[in-house]
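For reference, the structure is listed below as structure tokens.
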Amino acid sequence: MSSIPFAPQFRKLAGSRWPRRLGGVLAGAAILGYFAFALIFLGLRYAILPHIADYRGDLEKALSSAFHLPVTIAGIEAQWQGLRPQLLLRGLKVSDAEGRPALGFDQVEAIVSWASLLYLDLRLYRLEILVPELAVRRDAEGRFFVAGLPVAGPTRGDDFSDWLLAQDQVVIRDATITWTDDLRRAPPLALARLNFKLENDGSRHRFGLVADPPRALAARLDIRGDFKGRDLDELEAWKGQAYLEIDYADLAVWRTWVDYPVDLPRGSGGLRLWLDFARQELTGLTADLALADVHLRLRPDLPMMELDALTGRFSGRRIGGGYEASARRLTLSTRTSGDLAPTDFQLRWLTGGDGK
């Protein structure tokens with residue numbers, strides 16, 4: 001067997017000292033990082049947090065920089081949540097750009113993330129707001145506001161929404177929300193006992209919301225979402241899925257705040273809905289229905305259907321050059337034509353090469 005031509009070089013490399021030197025450098029860096037973290041941890045535990053009230057002004061400046069709006073705090077306490085420092089803020093108030101009070105919270109709990117040292121910015125492992133009362137509004141131009149503060153403005157990379165999407169967890173407990181939609185010219189909608197949780201992991205954002213709408217509209221409301229995207233100013237790059245569940249709802253009344261893909265002037269019952277989004281468009285829909293006393297028009301040129309009951313699963317999605325729709329165990333009872341036994345169907349609509 002012939003000898004390996006590079007054997008002398010391998011022996012020379014193995015006999016050199018650079019691997020040991022590299023290992024020593026890495027070990028030294030690890031030890032240095034360990035002691036640096038230990039010093040920061042001990043400093044926080046014994047020097048800063050016991051006197052956190054003395055740093056209230058510094059924290060107000062840090063929050064003002066994060067929100068890009070003036071922030072004041074009436075009182076502050078500190079404790080530990082495992083190895084993470086936890087701040088209890090009382091009387092937190094956010095003012096608008098003109099300095100007028102806009103948003104206030106009686107109690108806010110913030111668990112600081114050690115990632116704040118890496119990004120040199122305030123990063124929270126968990127932000128929890130207890131029993132707030134919030135007014136959320138969409139103006140006639142489609143912009144969203146919370147207590148008069150813009151959620152996503154024309155600025156890029158430096159607004160409150162970007163900061164919010166950078167936090168690990170945001171939790172709101174037992175809130176009362178009033179939703180006003182000027183774009184639809186709809187009356188205010190009040191949601192009570194609302195609980196909300198947002199989890200951010202880089203470009204992935206998951207949220208869940210449960211709330212009690214007015215009894216005349218529906219039973220408990222459950223909304224969830226799982227989206228991917230980085231900047232709310234670039235929604236065309238976002239994609240994901242939303243889920244809605246209502247045990248009982250007067251669907252005709254909800255038309256005041258929601259657009260339906262069909263004309264539904266009358267109907268009530270339970271609903272579970274999955275919506276797929278991409279490039280700011282609805283790309284897919286799946287609905288589980290259990291409705292009664294339904295008036296339904298599928299297209300403007302078709303007659304109105306009057307149904308005693310409608311149950312089943314409907315699905316629809318965009319496909320290349322057309323649409324696809326299907327139903328599973330579709331059951332309906334009409335007032336004039338009798339009942340339809342559980343039925344499955346699938347429909348595909350494609351545009352031909354001549355555009356027909």
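Structure summary
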{"item": "Close pairs (8 angstrom Cβ cut-off, 6 or more residues apart or separate chains): among the basic types (Lys, Arg) in the range 301-313, loosely packed, with under 13 Cβ neighbours inside 10 Å anywhere", "result": "313/329"}
{"item": "Subset of the range 295-330 (residues that are small (Gly, Ala, Ser) and not in a strand (DSSP E or B))", "result": "320, 321"}
{"item": "The range 193-252: number of residues that are of a type in the set (A, V, I, L, M) and within 15 Å of the chain's Cα centre (by Cα)", "result": "9"}
{"item": "Top-ranked residue of the range 97-120 - restricted to ones that are open to solvent by less than 100 Å² (accessible area, probe 1.4 Å) and assigned to a loop (DSSP other than H, G, I, E, B), ranked as farthest from residue 71 (Cα to Cα)", "result": "114"}
{"item": "Conditions (1) surrounded by 14 or more Cβ atoms within 10 Å (Cβ to Cβ); (2) of a type outside the set (Phe, Trp, Tyr); (3) modelled with pLDDT of 80 or more; (4) within 30 Å of residue 183 (Cβ to Cβ); number of the one not met by residue 139", "result": "(1)"}
{"item": "Subset tally (residues that are of a type outside the set (D, E, K, R), in contact with a Leu (Cβ under 8 Å, 6 or more places away or on another chain) and modelled with pLDDT of 90 or more) for the range 271-288", "result": "7"}
{"item": "Qualifying positions in the range 238-278 - closer than 19 Å to residue 209 by Cβ and either in contact with a Cys (Cβ under 6 Å, 6 or more places away or on another chain) or of a type in the set (Val, Ile, Thr) (or both)", "result": "246, 258"}
{"item": "Conditions (1) modelled with pLDDT under 90; (2) part of a loop (DSSP other than H, G, I, E, B); number of the one not met by residue 183", "result": "(1)"}
{"item": "Residue match in the range 259-282 (condition: among the aromatic types (Phe, Trp, Tyr), loosely packed, with under 14 Cβ neighbours inside 10 Å and under 23 Å from residue 217 (Cβ atoms))", "result": "yes"}
{"item": "Neighbours by Cβ (under 8 Å, 6+ apart or cross-chain): first from the range 166-182, within 21 Å of residue 259 (Cα to Cα); second assigned to a loop (DSSP other than H, G, I, E, B)", "result": "178/188; 179/188; 179/257; 180/186; 180/188; 181/257; 182/139; 182/140"}
{"item": "Subset tally (residues that are open to solvent by 40 Å² or more (accessible area, probe 1.4 Å), in a strand (DSSP E or B), of a type outside the set (Phe, Trp, Tyr) and modelled with pLDDT under 95) for the range 240-257", "result": "4"}
{"item": "Unique match (being at pLDDT below 90 and more than 22 Å from residue 89 (Cα to Cα)) among 150, 188, 132", "result": "150"}
{"item": "Given (1) open to solvent by less than 90 Å² (accessible area, probe 1.4 Å); (2) part of a strand (DSSP E or B); (3) at negative phi, index of the condition residue 352 fails", "result": "(2)"}
{"item": "Test result for residue 336, without any contact (Cβ under 8 Å) to a residue 40 or more places away in the chain, among the polar types (S, T, N, Q) and surrounded by fewer than 15 Cβ atoms within 10 Å (Cβ to Cβ)", "result": "yes"}
{"item": "Residue that is farthest from residue 128 (Cα to Cα), among those in the range 190-239 that are outside any strand (DSSP E or B) and among the acidic types (Asp, Glu)", "result": "236"}
{"item": "Qualifying positions in the range 200-239 - within 14 Å of residue 169 (Cα to Cα) and crowded, with 16+ Cβ neighbours inside 10 Å", "result": "200, 205, 207, 209"}
{"item": "Where residue 94 falls short, out of the listed (1) farther than 28 Å from residue 201 by Cβ; (2) not in a helix (DSSP H, G or I); (3) not charged (D, E, K, R)", "result": "(1)"}
{"item": "All positions within the range 162-199 that are of a type in the set (Lys, Arg) and surrounded by 15 or more Cβ atoms within 10 Å (Cβ to Cβ)", "result": "173, 197"}
{"item": "Lone qualifier among 111, 52, 76, 31 - being modelled with pLDDT under 75 and under 38 Å from the mean Cα position of the chain (by Cα)", "result": "52"}
{"item": "Residue satisfying condition, being polar (S, T, N, Q) and over 25 Å from residue 274 (Cβ atoms), within set 343, 336", "result": "336"}
{"item": "Residue match in the range 270-277 (condition: within 26 Å of residue 145 (Cβ to Cβ) and touching a strand residue (DSSP E or B) at 6+ places or on another chain (Cβ under 7 Å))", "result": "yes"}
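The values are calculated or read from the model by the stated rules, or taken from the named source; none is laboratory data. What you see is a predicted model; the values in this text were computed from it and never measured. Here Cβ is always computed from backbone atoms with ideal geometry, including for glycine, and neighbour counts include all displayed protein chains. Just so you know, the surface numbers come from the protein's heavy atoms only, side chains and all, with ligands and any DNA or RNA stripped out. Shrake-Rupley method; radii C 1.70, N 1.55, O 1.52, S 1.80 Å.
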